[in-house]
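The numbers here are math on the coordinates, done by the rules we state, and not lab data. Nothing here was measured: the structure is a model prediction, and the numbers come from that model.
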Amino acid sequence: MPIKIVTPEALPLAFIAGQRDDNVTGVAQIVERVRCEGDVALRDFTQRYDGVTVEEFRVEPAQCRAAYEQCDATTISALQSAADALRRFAEVQKAQLIDFEVELMPGVFTGQRVLPIRRIGVYVPGGRFPLVSSLLMGAVPAQVAGVSEIALCSPPVRGGGVAPIVAAAAHLLAIDELYSVGGAQAIAALAYGSESIRPVDKIVGPGNAYVAEAKKLVFGTVGIDMIAGPTELLIIADESADPTLIAADLIAQAEHDVEARPHLITTSFAIATAVQEEVAQQLTQIETEAVARESLARHGLIVVVARREEAITLANQRAPEHLELQVTDPDRWRPALTNYGSLFIGELAAEVLGDYSAGINHTLPTSRSARYRGGLSVLDFLKVQSQLRLSDEGFAPIAETAERLALLEGLHGHFRAVERRRKGGE
């Protein structure tokens, strides 16, 4: 069988630890060369790793418009529908953050301003498939946030430029900065700049292990969204679930790449065996069978537990990127589930819909980082800045507190800065 059934006692440590199998070398050298040599290094690495000679990295708006015009109406409609849903969801998110000023105590006025980041970079993976959905997921929330400059990077294709669907989506969103460069070298160029690419303030978007490592290295010089590990799906199912749908969702996750983590926790041994059989049957019906089969064999697991509470505990410990609930009464389960990137409730809420068209973002925390952050959102492109304004009445009580705390910490310059104001600059 292509996927194993185990009990909690037999779970491998990697299930809870969320271990990554990244084994990449040479990324630091790539990043440093791009920082020092700019376009020369970019051309060298593009030729070496992509097998493409690139003279001009910029994909001109006219090329993007031409790619858009070559798309059929159904394709354009799908891109537009997905972008519209993302935009509506991001607008609601943004509305939750507002500028304000509040008088905390007499004469002490505190407040916040919510401002967009000025310039961001979106990495759009290429690889086996151009992930145009990642372009939408990164760029649309940034536009809603009010980011004024968006630079897109995507691996080059033979013949020049980027994948036509990526260029078409850039035109659809009216983004005129698109560069045909991928991998760690693209991340370095976005962070440090080159003759062709101006540096950005923050980089978002998923990528392979080399991209993830490069994002680690440039963090601090620029902001990043998160470090993406192998994609993950955890389904929780009881005896009421449909094995055919569970199997389909596990396979959909597995076909991403051989490192994908497709997991099922179920309270029903009958469901476990039925899903195992369905996976074996359905695998033969897809063109990506080889990749999905290897992923399921290497990392796929069906865990049979005795009680609902045990399933919840395991799910919260695993903190998966995607969590599906295919159970009779999801509202009974949901309050206790606290660690996940996105939650998909009920058999109709396929994780695949979150990948593309539901309006929620598919750039999500992996490798257990859902314990401390959520997925990419409009909030990633906004800065919440605090401010303070005082009247004479408000200054006195907080000045006394500040002086005491400054002396407790031994910071006499801090004490004097307040004291001079209190004594009128003496």
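Some notes on this structure:
- Residue-normalised convex hull volume from the C-alpha trace of segment 17-129: 277 Å³ per residue.
- Percentage relative contact order, the chain, counting C-alpha pairs under 8 Å, at least six apart: 21
- Over segment 125-194, the reciprocal of the mean inverse Cα-Cα separation, the Kirkwood hydrodynamic radius, stands at 12.4 Å.
- q = 0.12, 0.20, 0.21 Å⁻¹, segment 257-318: log10 I(q)/I(0) [Debye, one scatterer per Cα]: -0.34, -0.82, -0.87
- With eigenvalues of the C-alpha gyration tensor scaled by 5 and rooted, segment 324-400, Å: 41, 17, 12
- Shape index of segment 78-121: Rg/Rh, with Rg the Cα radius of gyration and Rh the Kirkwood radius from the inverse mean 1/r over Cα pairs, equals 1.23.
- Ratio Rg/Rh [Cα only; Rh per Kirkwood] for segment 156-284: 1.14
- Cα shape, segment 27-224, gyration tensor, a/c 1.5 rule: oblate
- Selected from 345, 302, 150 as most flexible by GNM, with the chain as the system and alpha-carbon contacts under 10 Å: 345
- For the chain, the normalised intensity computed at q = 0.08 Å⁻¹ comes to -0.55 (log10 of I(q)/I(0), Debye sum over alpha carbons, equal scatterers, no solvent).
- When segment 229-374 is reduced to its Cα atoms, the Kirkwood hydrodynamic radius in Å: 14.9
- Maximal additional length on extending the residue 4-residue 391 stretch stands at 132.5 nm, based on 0.36 nm per residue less the C-alpha distance.
- Gaussian network model of the chain, springs between alpha carbon atoms under 10 Å - residue of 409, 278, 289 with greatest fluctuation: 409
- Residues considered: 337, 405, 173. Largest GNM mean-square fluctuation over the chain, using C-alpha springs under 10 Å, is found at 405.
- Amide H contacts under 5 Å for residue 363, placed H, 5+ residues apart: 376
- The alpha carbons of segment 1-83 give a radius of gyration and a Dmax of 22.3, 59 Å, in that order.
- Rounded if a/c under 1.5, otherwise prolate or oblate - segment 249-292, Cα gyration tensor axes: oblate
- Counting DSSP beta bridges with both ends in the chain, the antiparallel % (nearest 5): 30
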